[in-house]
Amino acid sequence: MCGISGELRFDDRPADLAALERITHHLAPRGPDAWGFHSQGPVALGHRRLKIMDLSDASAQPMVDSDLGLALSFNGAIYNYPELRGELEGLGYRFHSGGDTEVLLKGYHAWGEALLPKLNGMFAFAIWERDRQSLFIARDRLGVKPLYLSQTAQRLRFASTLPALLKGGDIAGTLDPVALNHYLNFHAVVPAPRTLIAGVEKLPPASWLRIDAQGRCERKTWWQLDYGPREDELNLGLEDWRDRLLDGLRDAVGIRQRAAREVGVLLSGGVDSSLLVGLLAEAGVDDLLTFSIGFQDAGGERGDEFEFSDLIARRYGTRHHQLRIDEHEVIEQLPAAFRAMSEPMVSHDCIAFYLLSREVSKHCKVVQSGQGADELFGGYHWYPPLVGSDDPFASYRAAFFDRSHAEYTATVHPDWLAHDAAGEYVRAHFQQPGALDPVDKALRLDSTVMLVDDPVKRVDNMTMAWGLEARVPFLDYRVAELSARIPSRFKLGDGGKQVLKEAARLVIPHEVIDRKKGYFPVPGLKHLQGKTRDWVRELLLDPSQNRGYFQVDMLDRLLSDPSQDLTPLRGSKLWQLATLNLWLNEQGL
């Protein structure tokens, strides 16, 4: 797990090493253990290393193989690298390191882009092909590892985070109005390739880009998630799917224990993270490290789930660490958390993960986390209204979107208004082939778009801010493909995630399963009371911070009683506006 960067020139000039050095060293928290550069004519690659798979310098990056004519900068983890290494050795390749980086380099030499479907892991990487004078960039299936791009007529730059890319200079840093429309409507999700900043893109998940020194470019999507059972699965019942899912999760959890360092678990106390602990115990992992976080109660809401995380910790005898955060520390640490964000995220979980990661990084460098289960297995409340819907898009929009288009136009200053971009995007996504069931249409959108740019990005940004690698077994591509084949009726039962809960019943205590759904709550941010509300008022109305994106009368309305203006997902509309200003402040934009 690391931070990567690079530049390719199209104007017969050498790569700008000074700019690349600024970009790369901004990624230092993602890779605190080592750093390096490789420059060759029009291209330069940078790398910050977090040592996980192979602790020796033999796996240092950028990795260069002069015999093969390849240079690699890689962020992520390839869990099936031992099997791929054996296959490559059978083809005559020799290895000089013990990790996954060299396997990736030699695998690309052997198979080119056909390597990608062979990989089980999370990754974003760039390979310079010396003889073809061509750069190949790729991202994993479900976008667990990020990659941001900036291209002009003179050059292409890339980096693991958007703030790092800004350090290279020559990016104006102005807002993209269309992306702002997505942000304010689609629950702060700006789908790839857009970002909120004009002139900066992100490489979409499951895609690759090949570009040469003349700027000639080729792009391709190399994987997609199709819904519906195979012909031989049409008659399977709930128990059949349960057993197949449990087998898949056992393998996904087990393969993510591969590391040269101890692997812990982020234990919220919910079904998903508790199941990870149970499966690891079942696999014989003893004395497992687990970590939980809680906050002050507010607005009548409980700020922790320690009752359930403690139950699991006691049941499996884990080395458990419990962290409780006061409101003053939440406000104090929010700016730092927003500096760590590649794009502004409204979820209160962000500060939870940021502070939890700070604590976890003192004890270990790798953790497993339960993100993805709700999107894959139907755990959210907006899925049932789509059952049998004659207009799935309208049903989804009513349940998920933060605002109507009319309210959006009343919120945004006329200078920054755009068309109904978010609505058009979701409607078009629902119309794509590969998902016939209305619920499946929503699950596909959430699993391949919303999940990538909300929960998954949150976990990557907040854990890597402390040099902590988070692994997400529910996003093993084999589990994702299996989930897409399971009929939605086996997901929505039992209050959601029925098939997953049935699998969990065979592993963990029922008390954790048969309870009200929870999450990492930060009630103080949701209800915006006391000092937090005063701080938000200053953030939005202080003349030095008001950028003119929003209409003042709407700000006054939201500030008058923020707890009464919540989105359909029960998020604060006021907080959503404040997070944009806070993120821009912290990025110097």
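The values are calculated or read from the model by the stated rules, or taken from the named source; none is laboratory data. Everything numeric here is computed off the predicted structure, so don't read it as measured data. Counting neighbours? That spans all protein chains shown, and the Cβs are built from the backbone with ideal geometry, glycine included. For the accessible areas, the whole protein counts, side chains as well, though only heavy atoms, and no ligand, DNA or RNA atoms are used. Shrake-Rupley method; radii C 1.70, N 1.55, O 1.52, S 1.80 Å.
What number, rounded to the nearest 500 deg cm²/dmol, is the helix-based mean residue ellipticity at 222 nm of the chain, given -39500 (n - 2.57) per DSSP H run of at least four residues and division by all its residues?
Working: 24 runs with 224 residues, N = 589.
The helix contribution divided over the chain gives -11000 deg cm²/dmol.
Taking the DSSP beta bridges in segment 275-394 as the whole, what percent of them are antiparallel, to the nearest 5?
Antiparallel bridges make up about 10 percent of those DSSP assigns within segment 275-394.
Going highest first, how would you order 190-198, 412-420 by mean Cβ packing within 10 Å?
Per-residue mean Cβ counts within 10 Å order the peptides as 190-198, 412-420.
Return the sequence-ordered ³J(HN,Hα) values of segment 360-370 in whole Hz as given by the Karplus equation 6.51 cos²θ - 1.76 cosθ + 1.60 applied to θ = phi - 60°, using x for Gly and Pro.
4, 5, 6, 10, 7, 10, 9, 9, 9, 9, x
Principal axis lengths of segment 133-266 from Cα atoms, whole Å, largest first?
Principal extents (largest minus smallest coordinate, Cα): 56, 41, 34 Å.
Within straight cross-link reach of Lys516, meaning Cα distance under 16 Å, which lysines are found once same-chain residues fewer than 8 apart are removed?
Candidates past the 8-residue exclusion: Lys497, Lys501.
Among Tyr380, Ser404, Ala340, whose Cα lies farthest out toward the positive end of the dipole of segment 286-409, if unit charges sit on the beta carbon of Lys, Arg (+1) and Asp, Glu (-1)?
Of the options given, the answer is Ala340.
Does segment 357-450 come out rounded, prolate or oblate, given a ≥ b ≥ c as the square roots of the eigenvalues of its C-alpha gyration tensor, rounded meaning a/c under 1.5 and, failing that, prolate meaning a/b above b/c?
In terms of gyration-tensor shape, oblate.
With the cut-off at 23 Å, tell me which of the pairs Lys365/Lys457; Lys51/Lys167; Lys118/Lys491; Lys145/Lys220 have Cα atoms farther apart than that.
The answer is Lys51/Lys167; Lys118/Lys491.
Can you pull the percent of the chain's accessible area that's carbon plus sulfur, 1.4 Å probe, other chains left in place?
Carbon and sulfur atoms account for 47 percent of the accessible area of the chain.
What does the accessible area per residue of the chain come to in Å², with a 1.4 Å probe and no ligands, DNA or RNA counted? List each step's numbers first, then the result.
Numbers: 21050 Å² over 589 residues.
The answer is 36 Å² per residue.
Order the peptides 309-317, 460-468 from the highest to the lowest mean number of other Cβ atoms within 10 Å of their residues.
On the way: 309-317: 18.8, 460-468: 24.8.
Final packing ranking: 460-468, 309-317.
Taking the radius of gyration and the Kirkwood hydrodynamic radius from Cα positions alone, what is the Rg/Rh ratio for segment 413-557, to two decimal places? Could the numbers behind the result be given before it?
Working: Rg = 20.6 Å, Rh = 19.7 Å.
Radius of gyration relative to Kirkwood radius: 1.05.
Just order 478-487, 562-571, 283-292, 38-47 by mean Cβ neighbour count inside 10 Å, highest at the front, would you?
By packing density, highest mean first, the sequence is 38-47, 478-487, 283-292, 562-571.
Hey, which aspartates and glutamates would be in cross-link range of Lys531, C-alpha to C-alpha under 13 Å, not counting anything within fewer than 8 residues on its own chain?
Answer for Lys531, where 13 Å is the Cα cut-off: Asp326, Glu327, Glu329, Glu332, listed by chain and number.
Give, in nm to one decimal, the length gained when the segment between Leu506 and Arg132 is fully stretched (0.36 nm per residue of separation minus the Cα-Cα distance). Before the final figure, lay out the partial values.
Values: separation 374, 0.36 × 374 = 134.64 nm, distance 5.34 nm.
Full-extension gain reported as 129.3 nm.
Considering the alpha-carbon set of the chain alone, what are its Rg and its Dmax in angstrom?
Rg then Dmax for the chain, in Å: 23.2, 70.
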